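Reading through the structure tokens given below for one structure.
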Amino acid sequence: MKTSGRLPRALLLACALIPLIASAQSGSFPERCPPYRLSGRLRTDYFRKLYGSSRKTNRHAFAAAGILNFRTPPFFEGVCAGASLFYATSLGLNGSDASRVYTTLMGMDHQLTALGQAYLQWQHPGFLLRGGDQILDTPWMGPRDSRVFPQTFQGVYAAAFPTRQITLEAMRIDAWKSRTSDDYSRDNLYYPTSYEDEELFGTRKILPPSAAEAPGTLAFGLHYRGKPLSGQVWYYEFYRFARLLYADGTYAMQRAGATHLFVSAQYAREWSGADNYFQRYGATLFTTSGTGGVDATLYGMRLGLQGRDWRLQVSYNRLADHARAFGGGALVSPYGNNAAMYTSFMTNNLLSFGPGCAYAVQGTYWALAHRFQFTAAAGQFRTAYDGRPYAVYLDARYHPTFLKGFSIRDRIAIDQGLPSYDGGYYLNNRFMVQYRF
């Protein structure tokens, strides 16, 4: 593991020496430093991978985890400090055979402890600056919080709020912490895994163990939140990997209490930067080498109807095929975040399948005063390298009124048609019980 030890380490130590710390934020738009608070969550997860092929081994994993967040009240004219402690245990239920353990949940280790966040923050009306280890929430760099721990990042983040509708963001990230790692490192999802055999990425580990460290990321974003139009534009400089320009927007003809139509569009354009590692190391993805450099183009459209207790939407994505480019036109996403694509749900997305197009229809229904939510979706993928897989997705959530912060969620994705499944199906089931306080 390549650990990082630059300026954020000094910030981390400074945070650890402050005796009064209160709750850390959960996204990229943190609230002002509040009075002393303590918050967190307790979660248990049970994951299953079931294959319809006798040549594949079914996998299971259990984890019980907790996150404890702290943040100080403000001092020195708007300065505060925060930290988050992460802990997870398998209770010895997962065994030691990696071929039978669903390792993305918490790797092969039976216990995991980490200081997930430790930062200093300064906030002035209209401006915020935060440095250290922190959670970020952007389209292509975010927490990916579907496991016991979220991804966290080490670096500096700034935001400005010139109007109520507009937010400007900038960040320089030096290192990251995987969802199953106990420390920060200067690599990403394209490196050979060093996190307790976790299958981090949906495609393949494509860089050699001798690959140089990843220099990190520089990113800028602009958000507009208005009615009926909202949207965002982002630029990412994934140093030595790719440069990404991304935009999406939604027009919602919303009327209070009435069914309304909404339409969304997204676009991503990606190309190689200087001294690209895929080219330097002759990396291959989807049988296509990186000698031609990164060249990816993504389009997306979504059309939907929203009622008081239901939503129905139809989505489309196309990832253009550039035959001479890295991965035949594959989208490069060093930290995952495939959910940014409209047709992505759980295990199914063009980030994993490669260039092609995808169609998806999804419906959501709320009941019991929105305490119960049920989602059903179906998707069809037509890809250049992974055939024509199709999938069904089911998601049920319940939030009882008698215990605030308590929730139960069960998700199932069933895939069919991927060549790697030997013509059989693949069922992915994730059951979660969680309590936030």
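Overview of results
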{"item": "Residues in the range 284-312 reached by a label modelled at M253 [backbone nitrogen below 17 Å; 7 Å Cα→Cβ]", "result": "302-308, 312"}
{"item": "Computed log₁₀ I(q)/I(0) - Debye formula, equal Cα scatterers, no solvent, the chain, q 0.05, 0.08, 0.09 Å⁻¹", "result": "-0.17, -0.46, -0.59"}
{"item": "Per-pair calculated FRET efficiency, R0 = 51 Å: A212 and K56 via Cβ, rounded to 0.05", "result": "0.90"}
{"item": "Net charge of neighbours whose Cβ lies under 12 Å from the Cβ of H322, counting Lys and Arg as +1 and Asp and Glu as -1", "result": "-1"}
{"item": "Whole-Hz ³J(HN,Hα) from phi, Karplus 6.51 cos²θ - 1.76 cosθ + 1.60, for the range 292-305, glycine and proline x", "result": "x, x, 6, 7, 10, 9, 10, 10, x, 9, 9, 10, x, 10"}
{"item": "Two-site label geometry, F76 and R164: point separation in nm, points 7 Å out along Cα→Cβ", "result": "3.4"}
{"item": "Residue with peak Gaussian network fluctuation, the chain [Cα springs, cutoff 10 Å], from A160, A88, A369", "result": "A369"}
{"item": "Förster radius 30 Å - calculated FRET efficiency between Y365 and Y281, Cβ distance, rounded to 0.05", "result": "0.05"}
{"item": "Pairwise Lys count, the chain - Cα closer than 22 Å, eight or more residues apart or different chains", "result": "5"}
{"item": "Nonlocal amide H pairs with G95, under 5 Å, H built at 1.01 Å", "result": "none"}
{"item": "Per-residue [θ]222 nm for the chain (sum of -39500 (n - 2.57) over DSSP H runs n ≥ 4, rounded to 500)", "result": "-1000 deg cm²/dmol"}
{"item": "Zone of Q416's modelled label, taken as backbone nitrogen in the range 343-361 under 17 Å from a point 7 Å along Cα→Cβ", "result": "348, 359-361"}
{"item": "Mean Cα-pair separation over length for the chain, i.e. relative contact order, pairs under 8 Å, 6 or more apart, %", "result": "12"}
{"item": "Contact order relative to length of the range 342-427, as percent, for alpha carbon pairs under 8 angstrom and 6 or more apart", "result": "22"}
{"item": "Total formal charge among the other residues, if their Cβ is under 15 angstrom from that of D275, Lys/Arg +1 and Asp/Glu -1", "result": "+1"}
{"item": "Potential lengthening between K227 and D137 on full extension [0.36 nm per residue; Cα-Cα distance subtracted]", "result": "30.2 nm"}
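Read-outs: derived from the displayed coordinates by stated rules, not from any lab. Keep in mind it's a predicted model, so treat the numbers as computed, not measured. Neighbour counts are summed over all protein chains in view; Cβ atoms, including those assigned to glycine, are modelled from backbone coordinates with ideal geometry.
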